1. Among the residues in segment B:286-294, are any in a helix (DSSP H, G or I), modelled with pLDDT of 75 or more and β-branched (V, I, T)?
2. Evaluate the following for A:T142: is it of a type outside the set (D, E, K, R), more than 23 Å from A:T44 (Cα to Cα) and out of contact with any strand residue (DSSP E or B) (no Cβ under 7 Å at 6 or more places or on another chain)?
3. Hey, can you tell me all the residues within segment A:78-96 that are in contact with a Gly (Cβ under 9 Å, 6 or more places away or on another chain) and assigned to a helix (DSSP H, G or I)?
4. Which one is farthest from B:I300 (Cα to Cα) among residues in segment B:67-81 that are in contact with a Leu (Cβ under 6 Å, 6 or more places away or on another chain) and among the aliphatic types (A, V, I, L, M)?
5. Pairs please, first residue from segment B:234-257 and within 14 Å of chain A (Cβ to nearest Cβ) and under 11 Å from B:A127 (Cα atoms), second anywhere and part of a loop (DSSP other than H, G, I, E, B) and not hydrophobic (A, V, I, L, M, F, W, C), Cβ atoms under 6 Å, 6+ apart in sequence or on different chains.
6. Identify, by number, the condition in (1) charged (D, E, K, R); (2) in a loop (DSSP other than H, G, I, E, B); (3) touching a Ser or Thr at 6+ places or on another chain (Cβ under 9 Å) that B:R118 doesn't meet.
7. Scan segment B:79-99 for residues that are part of a helix (DSSP H, G or I) and either more than 7 Å from chain A (Cβ to nearest Cβ) or modelled with pLDDT under 90 (or both) and report the count.
8. Answer yes or no as to whether A:P54 is more than 7 Å from chain B (Cβ to nearest Cβ) and either farther than 21 Å from B:S277 by Cα or at pLDDT below 90 (or both).
Amino acid sequence: MYNSFQGDNFMNTDQNIGPTAEQVLYANILNKGMLIGLGLLLVTFAIYISGILPPYVPVEKLSDYWQLNVHDYLEQLGIPCGWGWLHLLGYGDYLDFIGIAVLAGVSIVCYISIIPAFLKAGDTIYVVLVVLEVIVLVAAATGLIAGGHH
Amino acid sequence: MRRFLLSRAVILTSTVLLLAGTVFASGTVEGVGEAVAASSGGGHAWWFWPVVLFFVTFVMGIIAVLGGVGGGVLFVPIVSGFFPFHLDFVRGAGLLVALAGALAAGPGLLRSGLASLRLAIPVGLIASTCAIFGAMIGLALPTNVVQLCLGCTILGICLLMLTAKKSTVPDVPEADKLSSILKIYGVYREESTGETINWKIHRTPLGLLLFIGIGIMAGMFGLGAGWANVPVLNLLMGAPLKISVATSKFLLSITDTSAAWIYLNQGCVIPMMVAPSLVGIMLGSFVGVRVLKVVKPTFIRWMVIGILAFAGIKALLKGLGIG
């Protein structure tokens, strides 16, 4: 049903209408990851606003801080940068970060999953491009590349 | 007829709600003045702004679908211009809004074969790398400078929307060497005509070069970059319009991922802003898609341009310390 770019054998014919096998694989993982991430975000947000878990920043105080720039916001509230939020998962507001991290991380998983398909097809250029993309996204996610504050 | 009237009613209500929401938000912020600036809740209950944000993003979701723009491009200028949130958090939320929209649409677009993974991979590598640098620049620059640049960019987008043409199936006499090496070509069936369309692209090096700028702007302002992706893919590189639109939407899931991580790692994410915005814009998009099936609202495009121009001027004035 699906095509695959097999080296130089790919031709534009009617038989090639439709997505490639790696494209479908990517789509399936993206779909699952998106649903999981969104579901987690909604559930954790419900936990947050229902007060089941106490928030790190009290909701009634939040409006005093969201007008500050991020540097002052973090400094005044003593919030850690990077993956420091993992230590705050016991708080309702930081529990939400799980869903956000899944949404922001699903593309990395998708990219990794299509590497074998490109390897099998002998598509060296795309293997290199996909590996480079994974490196870029992982570097951004891990905080190896970080922005400066005002 | 009934459905037509219903869709018109939804569009009209959306417009009124969005305008009312932004003017209300603006009026509350400016009206309460310094007191609001000092304790930006403006005397409201803690849930006030998140609820207003939910309704405004819901309407944004409807209008974004009808106007053929991404949610991010409406979100950042409107929310930064008329809500009490700092631009740092608005950009973080804007990126996540654009990312969630792209993630939701991506699987369907890839499975239908309209989004091309082979086209998106090289373009995405450049755009996502540059989006990281854009995010770093945006977070390092003073807020008023970013706000000023954002205003100029939004007004530039209005100009682009007013002047840019579209080509359903651009004439590409010959694929260039780079796109041939990368095997960026494909076939799709145009459902409206039943025609099978073989497509290829040209001017790939120049197109890739332009994605450096697109990536930087996406990261710097937290905007989705569909407004820039589509003209480059369609008009410059010669991809058919449907392939360009679908690939652009999917591409945002890659570009915005890298920038979103920078904002997330820098602490620019407040769940109380992100969750209502995501839910609002997604619910609005569902309604927008239903309305879109019934009516072809060309005037919505003019309305979007008007709203963007208004928000762009507001951002410009804020950047200059006037607004």
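1. Yes: segment B:286-294 contains one or more residues that are in a helix (DSSP H, G or I), modelled with pLDDT of 75 or more and β-branched (V, I, T).
2. Criteria not met by A:T142.
3. Hits for segment A:78-96 are A:G82, A:W83, A:G84, A:W85, A:G92.
4. Narrowing segment B:67-81 to residues in contact with a Leu (Cβ under 6 Å, 6 or more places away or on another chain): B:72-73, B:76, B:80.
Now restrict to residues that are among the aliphatic types (A, V, I, L, M): B:73, B:76.
Numbers: B:V73: 15, B:V76: 19 Å.
Once the filter is applied, the top-ranked residue is B:V76.
5. Close Cβ pairs (under 6 Å, with a partner that is part of a loop (DSSP other than H, G, I, E, B) and not hydrophobic (A, V, I, L, M, F, W, C)) amount to B:L252/B:G224.
6. For B:R118, the exception is condition (2).
7. Result for segment B:79-99: 13.
8. In short, yes.
The values are calculated or read from the model by the stated rules, or taken from the named source; none is laboratory data. Please read these numbers as outputs of a predicted model, since none were measured by experiment. Don't worry about glycine lacking a Cβ; one is built from the backbone with ideal geometry, like all the others, and counts go over all protein chains shown.
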